[in-house]
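Here's the structure we're looking at; comments come further down.
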Amino acid sequence: MIKKTIIEQKKEKNLLIVLSLIAIFLSYIGIPGIENSVIMPNYFIALIIPFILMKLGNLNLYKLVIIGLVVDVFVGQLLGQYAFIFISIYLADYIVNRALVIKSGKQVFTLSFFLILISFFILWISSLSYSIFTPPKIILFQIILTAITYSILNVFINRSISR
Amino acid sequence: MAQKESKVKLKLFNRAEFPLFSFFILFILCLVLMGVDYRYQILPKIKSEFSIITAPIIYLINLPKNILNESKDSFITKAILKEKIKNLEQTNYSLSIQIQENVLIKSENKILRDTLRIKKKFKIKGATAEIILPDVKNGFKILTVSKGFKDNIKTGSAVINNEGLVGQIINTSKTYSELRPITSEAYAVPAIMNNSKENVILFGNGNGGLEIPLFPANISIQINDTFITSGVDDLYPKGIKIGRVTEIKPTNSPKFNFIVITPFSQPTTFSQITVVNKRK
């Protein structure tokens, strides 16, 4: 088993904190040029997925619940909503990793896209403004933007850690 | 420098058993939290408590955007203002046209309503038509009406509108008719004064009015007295308003006065009229 040094662990934790602050910052401003403020990526889902997939920051279920509750206070609609999403991502990742061997970049991206879809599904069914007639286009845009944000974050996190 | 090794059990590539019990507990906790929050609205209260911290952050985050928007409003260009004025003028113009149309429709509506009321009052049966063209034939003023014998309009029928007597149909074709107005020189109608039983005949003077050349001087008559149809000729329904007295002149004979009457009805183009069915 490859063990991480304390410096590496601290680095990952600091990275998580910094990126979380940036996510909070970005979630309060819309995308320039897009009038509809609903069309924006879900930065927290895009941030947590690479940390869970790459087993960074020494995250476990309890830490994910606490992070989720903090996120709920800032941008959530219901207390426990994001905590629920994060532990669901954790569970889905565990199940997939038990059943399949995820090695290549394409596999990782496919898995992450699958996790994004699960997250949005939970977000949709637990939303206070739940409506079966929610415009599918908006959700599709959000999913695509979240996937793009995830890709950018994934590259950024990999480079930051490998330094 | 040697790096200190972590004593914490790392999760990288950890294939340990899934903490199912913890997951189950947390899963239930999250559901309970969501349910309780939905029921008691806890999150808004927490957010309001945290607003002391979050509000300044949100304000600072949105500050550049707000400044940009405010500066855009402040430095709105002259061209934009001109364009706005132009658009408003166009809107104003189209609205003024609509108002005119509405006034016309309102007026027509009133006339039609009044026409229908007259029909009910006097039990007049007839066809409603419209004056489409004023004309002069052989020195007489003639009005063209939009309906002809196809619509059961017959020569000699009386024509009225909501204001009173208009004239008489003198010629009909399939789709239109010609109407001689009561003010025409060749026009005569039996009438009575509103407040007396004296039968008289009114003649058109060809100058926008009617007249009685020889009105008995012993009959009391005053300015603004009104004349209505007497109905003695079986052509015009009884009681249709004709006009009011506007002038009383003495004649060469002291036994008679010359009376000038201004008609109530002065139909113009596109006004509505009713052609009364001739009595059999």
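The values are calculated or read from the model by the stated rules, or taken from the named source; none is laboratory data. Since this is a predicted model, take the numbers as computed values, not measurements. Positions of Cβ are backbone-derived with ideal geometry, glycine not excepted, and every protein chain shown enters the neighbour counts.
Suppose we filter B:N207, B:N277 for residues that are over 30 Å from B:K125 (Cβ atoms) and under 35 Å from the mean Cα position of the chain (by Cα); which single one remains?
Result of the check over B:N207, B:N277: B:N207.
Kindly establish whether B:T183 is surrounded by 18 or more Cβ atoms within 10 Å (Cβ to Cβ) and not in a strand (DSSP E or B).
Judged against the criteria, B:T183 is a match.
Out of (1) within 57 Å of the chain's Cα centre (by Cα); (2) closer than 15 Å to A:V75 by Cβ; (3) facing chain A (nearest Cβ under 10 Å), what's the single condition that is false for B:A55?
(3)
If you go through segment B:51-94, how many residues are surrounded by 10 or more Cβ atoms within 10 Å (Cβ to Cβ), over 24 Å from A:F25 (Cα atoms) and among the hydrophobic types (A, V, I, L, M, F, W, C)?
4
Only residues in segment A:56-71 that are in contact (Cβ under 8 Å) with a residue 24 or more places away in the chain and more than 8 Å from chain B (Cβ to nearest Cβ) count as the first member; pair them with residues that are among the acidic types (D, E) and buried (at least 19 other Cβ atoms within 10 Å of the Cβ), Cβ under 8 angstrom, at least 6 apart or cross-chain, and list the lot.
From residues that are in contact (Cβ under 8 Å) with a residue 24 or more places away in the chain and more than 8 Å from chain B (Cβ to nearest Cβ), the pairs are A:L56/A:E12; A:G57/A:E12.
Could you go through segment B:225-238 and let me know if any residue there is in contact with an Asp or Glu (Cβ under 9 Å, 6 or more places away or on another chain), over 30 Å from B:I132 (Cβ atoms) and modelled with pLDDT of 85 or more.
Checked against the condition, which is being in contact with an Asp or Glu (Cβ under 9 Å, 6 or more places away or on another chain), over 30 Å from B:I132 (Cβ atoms) and modelled with pLDDT of 85 or more, segment B:225-238 yields no hits at all.
For segment A:56-78, indicate whether the set of residues that are surrounded by 15 or more Cβ atoms within 10 Å (Cβ to Cβ), in contact with a Pro (Cβ under 8 Å, 6 or more places away or on another chain) and assigned to a loop (DSSP other than H, G, I, E, B) is non-empty.
yes
Out of everything in segment B:191-210 that is without any contact (Cβ under 8 Å) to a residue 24 or more places away in the chain and closer than 26 Å to B:I142 by Cα, what residue ends up being surrounded by the fewest Cβ atoms within 10 Å (Cβ to Cβ)?
The residue in question is B:I201.
Can you name every residue in segment B:212-227 that is within 40 Å of the chain's Cα centre (by Cα) and surrounded by fewer than 19 Cβ atoms within 10 Å (Cβ to Cβ)?
Of everything in segment B:212-227, those that are within 40 Å of the chain's Cα centre (by Cα) and surrounded by fewer than 19 Cβ atoms within 10 Å (Cβ to Cβ) turn out to be B:Q222, B:I223, B:N224, B:D225, B:T226.
Which condition does A:A83 not pass, out of (1) in contact (Cβ under 8 Å) with a residue 40 or more places away in the chain; (2) assigned to a helix (DSSP H, G or I); (3) under 30 Å from B:V32 (Cα atoms), if it passes all the others?
Single failed check for A:A83: (1).
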